[in-house]
């Protein structure tokens, strides 16, 4: 981590009170730590928007393994992108439902395209993508 | 899956054109499949808001393993919730940075509280929670 | 960890020299630590043989996702045992080959039976089971 | 898969009867499939012995997260080999015990060396390595 720099900011009283309640609820030790998290999140969102930056992504999928050939189709599709998919963690939620969490690494817009394609497969009940930093930009 | 029911909807022309471009970009075969995904996502968000429903969550964390005792602290904290955490997948992004993706199962607000606590740990660079359905509500 | 007890043992000189070379190659700090590992491994093997003890298992499978309906079949089979399978981690080795590593928890002989069934599926190229302790017996 | 070639073999009656009982217990459909698995396993063992071949490995570790700084030490060590470790899946077995299952890719003897080093860390209760093929040699 690089050295901490201290500086003052001005925030409306009511807004600050609401923020203090929120960060207390979230268990933050102090405002600085909470605001550093907001800043890092804003930077990650910026990187994701730019698209050409190398990022890490997690895709969360829920589906029923009973949908005919859906496991086959999802596995085939993922192999088309095997260079971008680090691994896929599968949890058998019950006798019918599957959770699959993929970890990807690559350009933000290419991860986004893979997520769109997998989430759009017929039979996938729910899917979400999270894009985050490889850690290099967030010293 | 339960039986499909067909019905008509009315949408402004401009809005529909924009939606058609979006779902084509995402690779959907047709509007029905894309709208079913929107409806399922709205239901999942509703369940997450209610808080008392059993859901599945994935927490994505990025941190540096060089922050002193951070791996220890994150591991200890996770053991406090070992009944809710199914597994945690760790990818060594480079010589310094770690990606950790946890899969959780439990009441939505308890998953949210665990996510807040882990993301708020000093040294965690970025963290995001995704809440999704166990699949039972999304036939 | 419980308190360390010190005691002497007698070993033939040639055997000890060979053991010292082996443990040096493996990076052990001293003979005690290496012998403790041998003892713990012997206890784990004993538990595995008994069969009725709760253990943890990892099943490593290699297969080609191009074998028709193999992903479907493996996923269906695993759902029959969803209460014993904690999670399954999938790595797309290349455009054709899959690695799947399952983590299981249950009675040793039931984990063994699941491993036999999965490894025996036609199209699975290679499979291996490791049984280990839940940690409780190895203080 | 390449084309099947049929050929005859001779086996002592008693041995064959025992083998038939074993493969029935394991759920094999027929002797050919069971013998193909034995052949593939022999080839994998040969590759592992040669050492210089690219293989896949899974390392299963059990330890207590309460051993001071053990999580930190294991995480640091793994980062030294971050190019060989695809991912590490962590299961919180109970309030004290951890299961960690690493997936590695690299030369067989380098995977073996990493396994030796991790299993030899003081505080690791039990550890096992499985080496398998990347699938390319097992058509």
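Just a few scattered comments:
- Test: residue in the range A:91-99 that is in contact with a strand residue (DSSP E or B) (Cβ under 8 Å, 6 or more places away or on another chain) and more than 20 Å from residue B:43 (Cβ to Cβ): yes
- The residues listed here are B:27, B:57; of these, the one that is away from chain D (no Cβ under 14 Å), within 28 Å of residue A:110 (Cα to Cα) and part of a strand (DSSP E or B) is B:57.
- Residues that are within 25 Å of residue D:114 (Cα to Cα) and surrounded by 20 or more Cβ atoms within 10 Å (Cβ to Cβ), drawn from the range C:45-62: C:55, C:56, C:57, C:58, C:59, C:60, C:61, C:62
- Restricting attention to the range B:82-94 and to residues that are over 20 Å from residue A:86 (Cα atoms) and modelled with pLDDT of 95 or more, the residue that is surrounded by the most Cβ atoms within 10 Å (Cβ to Cβ) turns out to be B:85.
- Matching residues, the range B:89-109, being more than 14 Å from the chain's Cα centre (by Cα) and not in a strand (DSSP E or B): B:93, B:94, B:95, B:96
- Among the residues of this structure, residue D:4 counts as one that is under 25 Å from residue C:96 (Cβ atoms) and more than 10 Å from every other protein chain (Cβ to nearest Cβ).
Per-residue answers, yes or no, for (1) part of a strand (DSSP E or B); (2) more than 9 Å from chain C (Cβ to nearest Cβ):
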| position | (1), (2) |
| --- | --- |
| A:52 | no, yes |
| A:77 | no, yes |
| A:83 | no, no |
| A:87 | yes, no |
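Residue-by-condition table, conditions (1) within 30 Å of residue B:105 (Cβ to Cβ); (2) away from chain A (no Cβ under 11 Å); (3) assigned to a helix (DSSP H, G or I); (4) at pLDDT below 90:
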{"position": "B:17", "(1), (2), (3), (4)": "no, yes, yes, yes"}
{"position": "B:37", "(1), (2), (3), (4)": "yes, no, yes, yes"}
{"position": "B:40", "(1), (2), (3), (4)": "yes, no, yes, yes"}
{"position": "B:46", "(1), (2), (3), (4)": "yes, yes, yes, yes"}
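- Filter result for the condition that a residue is modelled with pLDDT of 95 or more, at negative phi and out of contact with any strand residue (DSSP E or B) (no Cβ under 6 Å at 6 or more places or on another chain), over B:103, B:114: B:114
- Flag if residue D:21 is part of a helix (DSSP H, G or I), more than 9 Å from chain C (Cβ to nearest Cβ), within 19 Å of the chain's Cα centre (by Cα) and farther than 30 Å from residue A:91 by Cβ: no
- Any hit, the range A:130-139, residues being buried (at least 19 other Cβ atoms within 10 Å of the Cβ) and free of Cβ contacts under 8 Å to residues at least 40 places away in the same chain: yes
- Residue A:121 under 19 Å from residue C:75 (Cα atoms) and crowded, with 23+ Cβ neighbours inside 10 Å: no
- Among the residues examined, residue A:77 qualifies as in contact (Cβ under 8 Å) with a residue 24 or more places away in the chain, touching a helix residue (DSSP H, G or I) at 6+ places or on another chain (Cβ under 9 Å), surrounded by fewer than 16 Cβ atoms within 10 Å (Cβ to Cβ) and farther than 22 Å from residue B:119 by Cβ.
- A residue that is surrounded by fewer than 19 Cβ atoms within 10 Å (Cβ to Cβ), more than 7 Å from chain C (Cβ to nearest Cβ), more than 14 Å from residue D:57 (Cβ to Cβ) and without any contact (Cβ under 8 Å) to a residue 12 or more places away in the chain can be found somewhere in the range D:95-118.
The values are calculated or read from the model by the stated rules, or taken from the named source; none is laboratory data. Source: prediction; values computed, not measured. As a convention, Cβ positions derive from the backbone with ideal geometry for all residues, glycine included, and neighbour counts pool all protein chains shown.
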